[in-house]
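Only one structure is covered here, and it is reproduced in the block below.
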Amino acid sequence: MFPDVQSFIAELDRRKELARVNEPVSPDLEMTAVIDRACKSPGGGPALLFEKPTGGTMPVAANLYGSMSRICLALGVESLDQLADEIEELTTPPMPKGFMDALKLMPLVNRLTDLMPKTVKDAPCQEIVKMDGGLDELPVLKTWPEDGGPFITLPLVITRDLGTGMRNIGTYRMQVYDRRTTGMHWQRHKGGAQHHRIAERMGKRLEVAVALGADPVLQYCATAPMPEGLDELMLAGVVGKRRVEMVKCRTVDLEVPAQCQIVLEGYVEPGERRREGPFGDHTGLYSLADDFPVFHLQCITMRKNPVYVTTIVGRPPMEDVYLGKASERIFLPLIKKTVPEIVDMHFPAAGIFHNLVFVSIDKRYPGHARKIMHAFWGLGQLMFSKCIVVVDKDVDVHNEAEVAWVAGTHVDPSRDVVITTGPVDDLDDAAILPAFGGKMGIDATKKWPSEGVTREFPKKLVMSEAADQRGAEIWKRLTGK
Ligand SMILES: Cc1cc2nc3c(=O)[nH]c(=O)nc-3n(C[C@H](O)[C@H](O)[C@H](O)COP(=O)(O)O)c2cc1C
Ligand SMILES: [Mn+2]
């Protein structure tokens, strides 16, 4: 596991997965024009290190996690399915048959407590402390021409619930207004927004710490759709198989990852809002300007030689496809804990995560596909699923052509489509109202007589085994394959 971004970048360099850009490049649009080309290359392109940002004091790293091999390397696995299996194992303790058996399970408990974060005194991220530091020291990118300004796009925004003391870490973009203020774009459904809501109800200021350039595991965990009230650092412990080192902030009562690059300490005032956006978003569209809370910077701490780690979003595929893929795999075994009939799921990159969702199920009773749609719409951030296509378990949801074939042949739209309304993604500008709109489920499973479908349904074409074997032999002689 990589303790920090520096060691991850060095490994990418060794593996020839890092492209160093040593000519001056401007963070104002020019970097995006390069990064976007990497993201659009087959397989995700190389990670990038801009060694000389114009006007900058530190190098800029981008697309670090933007390929299947790099997201796996970051999370310490050969494949994301391996990670899913490990999480499945950890969350499915065997039932003890008696007292002695229960004792044998103790190591499992130790394993979990061994994964909780620990507090350290000395931290690289506090090598330099600047009480009067300003954001003008950071090479923050303006990513698209009509953006409202430069945006910090990959922060770990750390807050506490002022009622319970529970921590939350989320990645929410921050528009830089001036050297000491930014926007705080936690959308209303997210953990940070809930903490802010609680603070506002109490009429209190909410302290916020922002960590930039966290180690690879933590960087991912801040984007993960953890259920509310579950600490992202616990996930980081499970995935990273080690305790995350945290250090107390200098001016706020919060802790930050000791090994990160840069920390912004500050607060959000109750009641304050400011125009945020527009921003060229991961929908491939400019999200419209809207009013959001404001972050006031009061202190910057950093390493002596920090790297500014960033990402760009835009029309897919971008780097976030791979972060999303990790969440799809990691959360599948956890979702199955409450909805065990789910066999597999896939969020096609072109559908921007939850706008298009394919799910395969082990269909057991009439109306089962509809139950799955409603389960998704009621489960954490899966509530944002705008179009859900449910197929039988023999369909490979990762094969998009197969899903299109099955949906096209198995669906009668007048019978198999469920339309409902409810909360939708803040970024859905097609919805009837902001954050409230329609959702659609398509039941593409084979229909049963008990679902009122008695009309005969044709069988899939399958070659006879004998002819198939003979065909394969002839084909091999023809082509050598
Ligand atoms: C690159 C990137 C940028 C993101 N920007 C935002 C954002 O500006 N606002 C937001 O609410 N969510 C944003 N997200 C999504 C959240 O990080 C994600 O929903 C996360 O699960 C939120 O954590 P939470 O449940 O603790 O709030 C972004 C994700 C990525 C990968
Ligand atoms: Mn959270």
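The values are calculated or read from the model by the stated rules, or taken from the named source; none is laboratory data. All of these numbers come straight from a predicted model, not from anything done at the bench. Positions of Cβ are generated from backbone atoms using ideal geometry, with glycine treated the same way; all protein chains shown enter the neighbour counts. Just the protein is used for accessible areas: all its heavy atoms, side chains included, with ligands, DNA and RNA removed. Shrake-Rupley method; radii C 1.70, N 1.55, O 1.52, S 1.80 Å.
So if I check each of Gln194, Gln219, which one is part of a helix (DSSP H, G or I), within 16 Å of ligand 2 (Cβ to nearest atom), among the polar types (S, T, N, Q) and open to solvent by 10 Å² or more (accessible area, probe 1.4 Å)? It would help to see each step written out before you state the result.
Working: Gln219 fails: open to solvent by 10 Å² or more (accessible area, probe 1.4 Å).
Checking each option against the conditions leaves just Gln194.
Only one of these conditions is not met by Val239: (1) surrounded by 23 or more Cβ atoms within 10 Å (Cβ to Cβ); (2) not in a helix (DSSP H, G or I). Which number is it?
Result: Val239 fails condition (2) only.
With the structure loaded, tell me whether Arg111 is without any contact (Cβ under 8 Å) to a residue 60 or more places away in the chain, open to solvent by 60 Å² or more (accessible area, probe 1.4 Å) and touching a helix residue (DSSP H, G or I) at 6+ places or on another chain (Cβ under 8 Å) or whether it fails that test.
Against the criterion (without any contact (Cβ under 8 Å) to a residue 60 or more places away in the chain, open to solvent by 60 Å² or more (accessible area, probe 1.4 Å) and touching a helix residue (DSSP H, G or I) at 6+ places or on another chain (Cβ under 8 Å)), Arg111 qualifies.
Name, by its number, the condition in (1) modelled with pLDDT of 95 or more; (2) surrounded by fewer than 13 Cβ atoms within 10 Å (Cβ to Cβ); (3) in a helix (DSSP H, G or I) that does not hold for Leu73.
(2)
Looking at Leu206, Leu233 in this structure, which one is closer than 23 Å to Gln126 by Cβ, within 13 Å of ligand 1 (Cβ to nearest atom) and open to solvent by less than 60 Å² (accessible area, probe 1.4 Å)?
Leu233
Anything in the range 339-370 that is within 13 Å of Asp443 (Cα to Cα) and out of contact with any strand residue (DSSP E or B) (no Cβ under 9 Å at 6 or more places or on another chain)? List them, or say none.
Pro366
Just to be sure I understand the filter: pairs with C-beta atoms under 8 Å, separated by 6 or more residues or on different chains, first member in the range 153-175 and of a type in the set (A, V, I, L, M, F, W, C), second member open to solvent by 20 Å² or more (accessible area, probe 1.4 Å) and away from ligand 1 (no atom under 11 Å from the Cβ). Which pairs pass?
Here the result reads Ile158/Glu255; Leu162/Ile198; Leu162/Met202; Leu162/Lys204; Met166/Arg160, each pair linking the range 153-175 to a residue that is open to solvent by 20 Å² or more (accessible area, probe 1.4 Å) and away from ligand 1 (no atom under 11 Å from the Cβ).
Please give the number of the condition Glu319 fails out of (1) away from ligand 2 (no atom under 16 Å from the Cβ); (2) open to solvent by 10 Å² or more (accessible area, probe 1.4 Å).
Exception for Glu319: condition (2).
Taking interchain pairs and intrachain pairs at least six residues apart, which have beta carbon atoms under 8 angstrom, with the first residue in the range 12-35 and within 18 Å of Gly66 (Cβ to Cβ) and the second of a type in the set (Lys, Arg) and in a helix (DSSP H, G or I)?
Leu12/Arg70; Glu17/Arg70
Can you pull out the residues in the range 247-263 that are touching a helix residue (DSSP H, G or I) at 6+ places or on another chain (Cβ under 8 Å) and either part of a strand (DSSP E or B) or open to solvent by 10 Å² or more (accessible area, probe 1.4 Å) (or both)?
Val247, Arg250, Val256, Pro257, Gln259, Ile262, Val263
Could you list, in sequence order, all residues of the range 176-203 that are polar (S, T, N, Q) and either in contact with a Pro (Cβ under 7 Å, 6 or more places away or on another chain) or within 14 Å of ligand 1 (Cβ to nearest atom) (or both)?
Residues satisfying the conditions are Thr182, Gln187, Gln194.
I want to confirm something. Restricting to the range 222-248 and keeping residues that are within 14 Å of ligand 2 (Cβ to nearest atom) and of a type outside the set (A, V, I, L, M), which single residue is nearest to Thr310 (Cα to Cα)?
So, considering only residues that are within 14 Å of ligand 2 (Cβ to nearest atom) and of a type outside the set (A, V, I, L, M), the one nearest to Thr310 (Cα to Cα) is Thr223.
Tally time: how many residues in the range 322-351 are assigned to a loop (DSSP other than H, G, I, E, B) and open to solvent by 20 Å² or more (accessible area, probe 1.4 Å)? Can you show your working first?
Our first condition is that a residue be assigned to a loop (DSSP other than H, G, I, E, B); within the range 322-351, this holds for 339-341, 347-348.
Narrowing the set further to residues that are open to solvent by 20 Å² or more (accessible area, probe 1.4 Å) leaves 340, 347.
Residues in the range 322-351 being assigned to a loop (DSSP other than H, G, I, E, B) and open to solvent by 20 Å² or more (accessible area, probe 1.4 Å): 2 in total.
Assigned to a helix (DSSP H, G or I) and surrounded by 16 or more Cβ atoms within 10 Å (Cβ to Cβ): which single residue out of Ala431, Ala404, Ala369 fits that description?
Checking each option against the conditions leaves just Ala369.
Of the residues Gly438, Gly471, Gly452, which single one is surrounded by fewer than 18 Cβ atoms within 10 Å (Cβ to Cβ) and touching a helix residue (DSSP H, G or I) at 6+ places or on another chain (Cβ under 9 Å)?
That would be Gly452, the only listed residue that is surrounded by fewer than 18 Cβ atoms within 10 Å (Cβ to Cβ) and touching a helix residue (DSSP H, G or I) at 6+ places or on another chain (Cβ under 9 Å).
Residues being open to solvent by less than 50 Å² (accessible area, probe 1.4 Å) and either without any contact (Cβ under 8 Å) to a residue 40 or more places away in the chain or not in a strand (DSSP E or B) (or both): count how many of those fall in the range 270-316. Outline the logic, then answer.
Applying the first criterion (open to solvent by less than 50 Å² (accessible area, probe 1.4 Å)) to the range 270-316 yields 270, 276-284, 287, 289, 292-303, 306-314, 316.
So of that shortlist, the ones also either without any contact (Cβ under 8 Å) to a residue 40 or more places away in the chain or not in a strand (DSSP E or B) (or both) come out as 270, 277-278, 281-284, 289, 293, 303, 306-307, 311-314, 316.
Residues flagged as open to solvent by less than 50 Å² (accessible area, probe 1.4 Å) and either without any contact (Cβ under 8 Å) to a residue 40 or more places away in the chain or not in a strand (DSSP E or B) (or both) within the range 270-316 amount to 17.
Confirm whether Thr310 is within 14 Å of ligand 1 (Cβ to nearest atom), within 25 Å of Glu127 (Cβ to Cβ) and modelled with pLDDT of 95 or more.
yes
Just need a number here: residues in the range 41-64 that are more than 19 Å from Leu154 (Cα to Cα), open to solvent by less than 50 Å² (accessible area, probe 1.4 Å) and in contact (Cβ under 8 Å) with a residue 60 or more places away in the chain.
Of the residues in that region, 0 qualify.
Determine whether Asp394 is more than 26 Å from the chain's Cα centre (by Cα), open to solvent by 50 Å² or more (accessible area, probe 1.4 Å) and under 22 Å from Leu332 (Cα atoms).
Details: more than 26 Å from the chain's Cα centre (by Cα): yes; open to solvent by 50 Å² or more (accessible area, probe 1.4 Å): yes; under 22 Å from Leu332 (Cα atoms): yes.
Against the criterion (more than 26 Å from the chain's Cα centre (by Cα), open to solvent by 50 Å² or more (accessible area, probe 1.4 Å) and under 22 Å from Leu332 (Cα atoms)), Asp394 qualifies.
Table: residues versus (1) touching a helix residue (DSSP H, G or I) at 6+ places or on another chain (Cβ under 8 Å); (2) of a type in the set (Val, Ile, Thr).
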site: Gly165; (1), (2): no, no
site: Ile169; (1), (2): yes, yes
site: Arg179; (1), (2): yes, no
site: Gly183; (1), (2): no, no
site: Arg197; (1), (2): no, no
site: Arg201; (1), (2): no, no
site: Glu207; (1), (2): no, no
site: Val210; (1), (2): no, yes
site: Thr223; (1), (2): yes, yes
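Looking at (1) outside any loop (DSSP other than H, G, I, E, B); (2) closer than 15 Å to Val157 by Cα, can you tell me which one Ala224 breaks?
Evaluating Ala224 over (1) outside any loop (DSSP other than H, G, I, E, B); (2) closer than 15 Å to Val157 by Cα leaves (1) as the failure.
What single numbered condition from (1) surrounded by fewer than 21 Cβ atoms within 10 Å (Cβ to Cβ); (2) in contact (Cβ under 8 Å) with a residue 40 or more places away in the chain; (3) within 13 Å of ligand 2 (Cβ to nearest atom) fails to hold for Arg179?
For Arg179, the failing item is (3).
Just wondering, is there one or more residues in the range 145-167 that are assigned to a helix (DSSP H, G or I) and open to solvent by less than 40 Å² (accessible area, probe 1.4 Å)?
The answer is no; no qualifying residue exists.
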